[in-house]
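S.K.: Pasting a structure below so you can have a look.
The values are calculated or read from the model by the stated rules, or taken from the named source; none is laboratory data. If you're wondering where the values come from, they're calculated on a predicted model, not measured in any experiment. Cβ coordinates were reconstructed from backbone atoms using ideal geometry, including for glycine residues, and neighbour counts include every protein chain displayed. In case anyone asks, the SASA skips ligands and DNA or RNA and just uses the protein heavy atoms, side chains included. Shrake-Rupley method; radii C 1.70, N 1.55, O 1.52, S 1.80 Å.
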Amino acid sequence: MNDSESAAPPDPRHRSGSSPVHGAVDHRGRPVARRSSGQWTSAFFIIGMETAERSAYYGVSSNLINYLSGPLREKTAVAAAAVNTWAGVTSALPVVAAFLADAYLGRYWTIVVASILYVLGLGLLTLSSVLPTFHPLECNIDSTLCSPSKLQLALFYFSLYLVAVAQAGQKPCLQAFGADQFDDNDPEECNLKSSFFNWWTFCLIAGSTIATICLNYVQDNVSWVVGFGVSCVFMALGLLIFLLGTGTYRFYNVGHGKNPVSGASKALFTLFKKWQVGSEQEESRQALLSKAPDLANEEDSTANNVDREEAKGLFRLFPIWASCLIYAVVLSQASTFFTKQGSTMDRRLGSKFQVPSASLQCFIGISAIAFIPVYDRLLVPLARRFTGEPSGITMLQRIGTGVALSVVVMLVAAFVEMKRLRTCREMGLVDLPDEVIPMSMWWLMPQNVLCGIANVFAVVGLQEFFYDQVPEAFRSLGLAFCLSIFGVGNFISGFIVSAINLITSSQGGSWFPDNLNRAHLDYFYLLLAGLSAVELLIFLCSAQFYVYKTKGNPAM
């Protein structure tokens, strides 16, 4: 059933004891009863899939830099740039996928198709690391003699980017489809929807934390084949869970046969074209807008249609979007240079167990899980007494707090790196990159914990902001725009790393050599701290002039 298809006419056989949900049908196109569809019954299946998908995704992404710089023999700077580029694609593509879902395929079928591609991509990724032709005899004798074949690299990158495309289709639609299971017109279900977002975030973080702890250990101590294979099994299990819930889902008719997203997208294109050429007269602006389809004439789809004014409203979000990009650059360091730092440090627990360096990222998830109830039950009621806001602080204040914390994250990371380099010099390990530095991994905990707390403010705040401040027909796109912040941020991070590496290498001392004991990650972190401080000032100015879609709320 495509959730963009027209709803079936009322079924006279519908039980009178249970009221129907306005505009909602089941997978066969029949009107659904409120008590027997949607709500938490459906949400459990959707959240279950999200937990499995996040476990699969982080089973690949969190340790990717070690796979690139290890078995695939790529240089540290090249590996970091490759990880940032791939992460950027996974977070930027959802904008395209969300548009296709809202305008053509429907969220349900977009999720199903994307999930099948997801399983295929992870299966090929596992295959790229297991075929015996990729492991010649001399590699078993001395792995330093070998570089991966061109065929292995081609299959690896093809499967990796297939995962990126699949994740782009699945990610924004799944969260929006989950929210669809709660009726905005019913006060009780509206409250349940708020609870859904809390549990969604909790399970998302739980899934990523499980993968960061368990799968990274398997990859480092058992094999990459098993690690990638388990990720594939997780995704296949998630797809099965989602399909099992099909009979309980609510599907909504978008536009009653019309396509509001398609019409509004044409208005957006016209407005963007107008913005490019510039306008001096309001009359000229109106004349150009009239070339777009007249959305006001679509009287039969007034409830779900998006007119040109709503399309223009999306441009109001751009300053907030742009002023959060450096925050995304800061977050991208956790899966790249934070992980490489950890690989050089003492990670022993007890006499035998060694924590995988990528598993140190679990502190981000654990701190976020621990801080969410503190924020919700302690900080919000406390702030409410002073501000009078039902949510304690506004969405933009919440985001701004996270951006401010990102400055602190980078300053702490720079201090820890200075300490690590000083220890290297004192112990005479500068030219011994394979030796473990006698400095505990716990030194990396503060910067990771602060990242987790910053996420509770900024990331959750951004999700709420881009869901709440876009027109209803654009809500999948709104969540996709939120994700695109982190996609573009990863691209920027990759560009900055490549540019700095090129400039500093030409001057005789790269900031990112393969030997991290001779690197200058401390300089890089201080640079990001400065950029984050500038970003905070820009964000505060943008927030000051922003007017919420809901009337009566302050801008900041």
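S.K.: Please determine whether any residue of the stretch 509-525 is without any contact (Cβ under 8 Å) to a residue 24 or more places away in the chain, open to solvent by 50 Å² or more (accessible area, probe 1.4 Å) and of a type in the set (G, A, S).
M.R.: No, the stretch 509-525 contains no residue that is without any contact (Cβ under 8 Å) to a residue 24 or more places away in the chain, open to solvent by 50 Å² or more (accessible area, probe 1.4 Å) and of a type in the set (G, A, S).
S.K.: For the stretch 312-402, list the helices (runs of 4 or more DSSP H) that sit wholly inside it and hold at least 3 residues that are free of Cβ contacts under 8 Å to residues at least 60 places away in the same chain and either crowded, with 16+ Cβ neighbours inside 10 Å or among the charged types (D, E, K, R) (or both); which are they?
M.R.: Ranges flagged: 380-387.
S.K.: Another question about this same structure. Take the conditions in contact (Cβ under 8 Å) with a residue 60 or more places away in the chain, in a helix (DSSP H, G or I) and more than 30 Å from S357 (Cβ to Cβ) and apply them to T110. Does it pass?
M.R.: Criteria met by T110.
Conditions tested, residue by residue: (1) among the small types (G, A, S); (2) assigned to a helix (DSSP H, G or I); (3) open to solvent by 40 Å² or more (accessible area, probe 1.4 Å); (4) out of contact with any Asp or Glu (no Cβ under 9 Å at 6 or more places or on another chain).
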{"position": "S484", "(1), (2), (3), (4)": "yes, yes, no, yes"}
{"position": "S505", "(1), (2), (3), (4)": "yes, yes, yes, yes"}
{"position": "S542", "(1), (2), (3), (4)": "yes, yes, no, yes"}
{"position": "Y548", "(1), (2), (3), (4)": "no, no, no, no"}
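S.K.: For the stretch 417-449, name all the residues that are in contact (Cβ under 8 Å) with a residue 60 or more places away in the chain, assigned to a helix (DSSP H, G or I) and out of contact with any Gly (no Cβ under 7 Å at 6 or more places or on another chain).
M.R.: Within the stretch 417-449, E417, M418, R420, L421, C424, W443, M445, Q447, N448, V449 meet the criteria.
S.K.: Turning to a different aspect of this structure: What residue, of A519, A533, A499, A543, is modelled with pLDDT of 85 or more, under 19 Å from T339 (Cα atoms) and either under 23 Å from the mean Cα position of the chain (by Cα) or not acidic (D, E) (or both)?
M.R.: Criteria check complete, one pass: A519.
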